1. Just name the residue that is farthest from C:Ser56 (Cα to Cα) out of those in region C:157-214 that are acidic (Asp, Glu) and in contact (Cβ under 8 Å) with a residue 12 or more places away in the chain.
2. (1) among the hydroxyl-bearing types (Ser, Thr, Tyr); (2) in contact (Cβ under 8 Å) with a residue 12 or more places away in the chain; (3) surrounded by fewer than 24 Cβ atoms within 10 Å (Cβ to Cβ); (4) under 26 Å from C:Phe226 (Cβ atoms): which one isn't true of C:Tyr118, the others all being true?
3. Regarding region B:142-163, can at least one residue be identified that is of a type in the set (Phe, Trp, Tyr), over 15 Å from the mean Cα position of the chain (by Cα) and surrounded by fewer than 22 Cβ atoms within 10 Å (Cβ to Cβ)?
4. May I ask you to list the residues in region A:164-173 that are farther than 26 Å from A:Ile145 by Cβ and buried (at least 20 other Cβ atoms within 10 Å of the Cβ)?
5. Going residue by residue through region C:88-101, is there one that turns out to be touching a residue at least 24 places away in the same chain (Cβ under 8 Å), assigned to a helix (DSSP H, G or I), touching a Gly at 6+ places or on another chain (Cβ under 8 Å) and more than 14 Å from chain B (Cβ to nearest Cβ)?
6. Name the residues in region C:180-202 that are within 14 Å of chain B (Cβ to nearest Cβ) and either over 14 Å from the mean Cα position of the chain (by Cα) or within 23 Å of C:Arg88 (Cβ to Cβ) (or both), would you?
7. If I ask for residues that are over 15 Å from the mean Cα position of the chain (by Cα), within 14 Å of chain C (Cβ to nearest Cβ) and of a type in the set (S, T, N, Q), which ones from region B:203-231 would you list?
8. I need every pair where a residue in region B:43-65 that is in contact (Cβ under 8 Å) with a residue 24 or more places away in the chain and among the basic types (Lys, Arg) has its Cβ under 6 Å from the Cβ of a residue that is surrounded by fewer than 21 Cβ atoms within 10 Å (Cβ to Cβ) and outside any helix (DSSP H, G or I), sequence separation at least 6 or different chains.
Amino acid sequence: MSDIYVLVHGAWHTGAEMEAVAGHLRKSGHVVHCPTIAGNNKDDDREKTGLEQAISSVGAYIEANNLRDIRLVGHSYGGMVISGVADRLTDRIKRLVYVNAFVPLDGQCLNDMVPPHYVGLFDAVAAANNNAVMLPFEIWRDAFINDADLELAKAAYARLNLHPYKTFTDKIALKRPLAELPVGKSYVNCRQDIALPHGLPWHPRLSERLGLFRLVECDGSHEMFFSNPARLAQAIGEAGRD
Amino acid sequence: MSDIYVLVHGAWHTGAEMEAVAGHLRKSGHVVHCPTIAGNNKDDDREKTGLEQAISSVGAYIEANNLRDIRLVGHSYGGMVISGVADRLTDRIKRLVYVNAFVPLDGQCLNDMVPPHYVGLFDAVAAANNNAVMLPFEIWRDAFINDADLELAKAAYARLNLHPYKTFTDKIALKRPLAELPVGKSYVNCRQDIALPHGLPWHPRLSERLGLFRLVECDGSHEMFFSNPARLAQAIGEAGRD
Amino acid sequence: MSDIYVLVHGAWHTGAEMEAVAGHLRKSGHVVHCPTIAGNNKDDDREKTGLEQAISSVGAYIEANNLRDIRLVGHSYGGMVISGVADRLTDRIKRLVYVNAFVPLDGQCLNDMVPPHYVGLFDAVAAANNNAVMLPFEIWRDAFINDADLELAKAAYARLNLHPYKTFTDKIALKRPLAELPVGKSYVNCRQDIALPHGLPWHPRLSERLGLFRLVECDGSHEMFFSNPARLAQAIGEAGRD
């Protein structure tokens, strides 16, 4: 069976970091696309690129490739992007798959869903870096990629790119609640993901906004795209199938 | 070691759907019974069969077969039934094993433990079907058997039978709280079971009513009797042993 | 890679019960110490040994062996002890690893973190036993070592020693919150650990006191040192590495 997957990366990543998981999905017979969101390409403007451009860039990719019956997968910040895309291109989507990803309400920005100490940290970093943000390595190592060894944690960190902070502070506009979209919805919860702290977890706090959804879980951190792409690909396949 | 197991099925099921798990338990040397609860046999009256008849039918099965030292296992709605049986035939029970099953307080009905949107759905379906209820396939597929592929989800759905709704609305009478019964208690939690939503989970909301109990967990949905009977049988064996 | 581990046991245990896990860590190339805390040695005074002596005894062990760059691991009650040691010998510690262990605030005793029904039970047992406490076997079997068979549950229980209750009621003095200690912090959560009940869980209730910490999880009960030392050693190694 061959399904069409579009994998939408998280903050600080590009489509290239989705390729390890994409490779496993292709081995299962699927067609997989890994576009890079506007704002994360090498020469994009990190100061001014906002959420609208980010969403539009993935929508344009889908239309340019005339993709239909899509399993649209978003990781982390990518959840903001696929939510916006699904709101606009609903007819092209078969199922939405959130991988420890943000599920916004109409009018929310990403920062509305993270703890205040992250917002404070990001505000300070952005103010010093032309509105671009990066994660400190010690947070990355223990809270984002806690399941990797130090060597992999460092190698993965070296691949990250500065992220346009405006995409975290711009509010999303949705024509209807995501739960009401006439497409399938799945949530993949990586169980040792502590990128969001325990009082404000990914699941079920954000997953339940999807209404009726399929839950798939696996062991791993927020960054299984690096630490265990084979297992994550299996979970995404179980979440994305009919 | 040979223990006596009685597996009591959930709503929409019969004893036949317990047989895959029973087979694995028998391979481990146990004696396993899978009675069908009154109301779920082919020609039973779906309109009028209530909780009292359901409980009595399993009690009568146990007495007719003169079973003792029983590991009495209930799945889902089967938790209502084993609770009633254990209250009456306490001396015949060695240990109660709830598999993502309802654990009632005296005077509660099953519907008291499910979210209002399920009650509303069931009320409407029952009103149109002579007080018998069925699950819509889309809920079954994503919230009950989320760990199966579509083919298995459909095949399992085809085996379900209309359920007598009166067994969901009749209140149970218990002589004492289940925590006070002088038998062992275990709870098997299948971790991707989202048949009950996150605000009203099986575990620990219902399991903690057992007082001192043994927790056993495994990965899987509410319908592991179909999707992974070998793994579920292992969990039930670890829950049921001394 | 060779790291220095010091494994600090829980209540009713000695260093000898840490040896199975220690052996697996040594096979991975690490140097592992398993001191017995004052109060749990064969001839120690169970009536009067308190938390200060317990902490000092492990500190003295570390200094006598001149250990540095330590991965200091505490299990259960051992979390009280490693917290005190880390507060005093901060410069010798590379990373703290709590294995379903108590994480105290300044001025708290262990009993401040357990449910009232345990305190009541311990008070009664201690009053009848010169201030020494033991666990009833039925609690041990179903809530502490729920993943073992009966034979192992009994054999492990036979190895336990009476515990000096004063170490549960003495308050700890910490110069600063553990989250502020300039050492790495990890928490290993054994997922079927119901030694603490669901309303007062180990994780995240106690783990979040560590501030930024690395989460590692595995399947198993509170007593994986007996029931699955190989898997627990793997988790501790992932928690303890840089």
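The values are calculated or read from the model by the stated rules, or taken from the named source; none is laboratory data. On a predicted model such as this, the values are computed, not experimentally measured, just so you know. No Cβ is skipped: glycine too gets one built from the backbone with ideal geometry, and neighbour counts run over all protein chains shown.
1. C:Asp193
2. Result: C:Tyr118 fails condition (2) only.
3. Restricting attention to region B:142-163, the residues satisfying the condition of being of a type in the set (Phe, Trp, Tyr) are B:144, B:157.
Keeping just the survivors that are over 15 Å from the mean Cα position of the chain (by Cα) gives B:157.
Within this subset, residues satisfying the condition of being surrounded by fewer than 22 Cβ atoms within 10 Å (Cβ to Cβ) are B:157.
Yes: region B:142-163 contains one or more residues that are of a type in the set (Phe, Trp, Tyr), over 15 Å from the mean Cα position of the chain (by Cα) and surrounded by fewer than 22 Cβ atoms within 10 Å (Cβ to Cβ).
4. Residues satisfying the conditions are A:Asp170, A:Ile172.
5. Of region C:88-101, the ones touching a residue at least 24 places away in the same chain (Cβ under 8 Å) are C:88-90, C:92-101.
Retained after the next criterion (residues that are assigned to a helix (DSSP H, G or I)): C:88, C:90, C:92.
Keeping just the survivors that are touching a Gly at 6+ places or on another chain (Cβ under 8 Å) gives C:88.
Now narrow it down to the ones that are more than 14 Å from chain B (Cβ to nearest Cβ): C:88.
Yes: one or more hits.
6. C:Arg191, C:Gln192, C:Ile194, C:Pro197, C:His198, C:Gly199, C:Leu200, C:Pro201
7. Those that are over 15 Å from the mean Cα position of the chain (by Cα), within 14 Å of chain C (Cβ to nearest Cβ) and of a type in the set (S, T, N, Q): none in region B:203-231.
8. Here the result reads B:Arg46/B:Ala132; B:Arg46/B:Leu162, each pair linking region B:43-65 to a residue that is surrounded by fewer than 21 Cβ atoms within 10 Å (Cβ to Cβ) and outside any helix (DSSP H, G or I).
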